[in-house]
Amino acid sequence: NEQLDARVRERTEEVERIHIELGDELETLRKILATQDEISAGLSDLDMQMNLLVRRSQELTKADGAALEQLEGRVLVYRVTSGMAANQVGLRLGRTSSLSGECLRNGETLICDDVESDPRVDLAACQRVGARSMLVVPLRAKGEGPKGVLKVFSQRPGAFGSREERTLQLIGAL
């Protein structure tokens with residue numbers, strides 16, 4: 001009986017944890033849909049749309065900062081920023097020497113768990129922003145290849161996982 005009671009308690013705790021996680025996921029999806037509605041309902045100005053996407057990206061991934069980077073020739077430029085990256089508008093990253101550049105090249109979402117040990121990152125830029133971990137998704141114009149990236153940062157290593165990845169991909173698709 002004691003073993004059975006212990007197993008029932010374990011399973012009950014697991015079901016409660018899953019229930020909470022699903023509730024959090026549902027709330028995130030509601031906020032993403034609300035963002036889409038805001039854009040559709042009247043945010044015709046591209047700068048306002050980009051600012052909204054950057055702020056929501058930071059909020060919904062619980063990041064310390066976020067940036068939208070646009071491809072300009074051979075470099076990526078921080079066009080819109082928030083949080084810990086707020087004062088970095090105009091920061092330039094090499095297309096061949098940064099995680100953002102790799103994201104553009106392969107068109108895939110990338111996670112960096114620790115900038116200090118990841119050879120794909122521009123370490124100087126990460127240190128300037130204060131980032132220890134990052135998550136980057138490509139941004140595409142309809143029918144075209146990636147033209148920029150949406151990035152979130154954290155001051156701590158290993159801050160982003162599959163939940164944040166899905167969230168940022170959905171926001172980036174807007």
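The values are calculated or read from the model by the stated rules, or taken from the named source; none is laboratory data. From a predicted model like this one, the values you see are computed outputs, not experimental measurements. For neighbour counting, all protein chains shown are included, and Cβ atoms are generated from backbone atoms with ideal geometry for every residue, glycine included. In case anyone asks, the SASA skips ligands and DNA or RNA and just uses the protein heavy atoms, side chains included. Shrake-Rupley method; radii C 1.70, N 1.55, O 1.52, S 1.80 Å.
Okay, residues lined up against (1) farther than 23 Å from Pro157 by Cα; (2) open to solvent by 50 Å² or more (accessible area, probe 1.4 Å); (3) β-branched (Val, Ile, Thr):
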site: Ala6; (1), (2), (3): yes, no, no
site: Leu22; (1), (2), (3): yes, yes, no
site: Asp37; (1), (2), (3): yes, yes, no
site: Thr81; (1), (2), (3): no, no, yes
site: Asn87; (1), (2), (3): no, yes, no
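Can you pull out every residue in segment 6-64 that is within 15 Å of the chain's Cα centre (by Cα) and of a type in the set (D, E, K, R)? If the condition is that a residue be within 15 Å of the chain's Cα centre (by Cα) and of a type in the set (D, E, K, R), then Lys31, Arg55, Arg56, Glu59, Lys62, Asp64 are the ones that fit. Taking residues in segment 21-38 that are closer than 19 Å to Met50 by Cα, and partners anywhere that are among the basic types (Lys, Arg) and surrounded by 13 or more Cβ atoms within 10 Å (Cβ to Cβ), the pairs with Cβ atoms closer than 6 Å and at least 6 places apart or on different chains are Thr35/Arg56.
Quick grid of which residues meet (1) hydrophobic (A, V, I, L, M, F, W, C); (2) within 18 Å of Ser57 (Cα to Cα):
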| site | (1), (2) |
| --- | --- |
| Leu91 | yes, no |
| Cys112 | yes, yes |
| Gln127 | no, no |
| Met134 | yes, yes |
| Gly143 | no, no |
| Val149 | yes, yes |
| Phe160 | yes, yes |
| Leu168 | yes, yes |
| Ile171 | yes, yes |
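Is it true that Gln70 is in a helix (DSSP H, G or I), touching a residue at least 40 places away in the same chain (Cβ under 8 Å), of a type outside the set (D, E, K, R) and surrounded by 13 or more Cβ atoms within 10 Å (Cβ to Cβ)? The answer is no for Gln70. Of the residues making up segment 54-79, those that are farther than 17 Å from Ser154 by Cβ and of a type in the set (Lys, Arg) are Arg74, Arg79.
Among the numbered conditions (1) closer than 23 Å to Arg166 by Cα; (2) part of a strand (DSSP E or B), the only one that Leu52 does not meet is (2). Scanning segment 99-139 for residues that are over 22 Å from Thr167 (Cα atoms), free of Cβ contacts under 8 Å to residues at least 60 places away in the same chain and of a type outside the set (A, V, I, L, M, F, W, C), we see that the one that is most open to solvent (accessible area, probe 1.4 Å) is Arg128. Among residues that are of a type outside the set (A, V, I, L, M, F, W, C), farther than 20 Å from Leu46 by Cα and in contact (Cβ under 8 Å) with a residue 24 or more places away in the chain, Glu165 is included. For segment 75-95, does any single residue satisfy the condition of being closer than 18 Å to Leu168 by Cβ, among the β-branched types (Val, Ile, Thr) and touching a Gly at 6+ places or on another chain (Cβ under 9 Å)? Within segment 75-95, one or more residues are closer than 18 Å to Leu168 by Cβ, among the β-branched types (Val, Ile, Thr) and touching a Gly at 6+ places or on another chain (Cβ under 9 Å).
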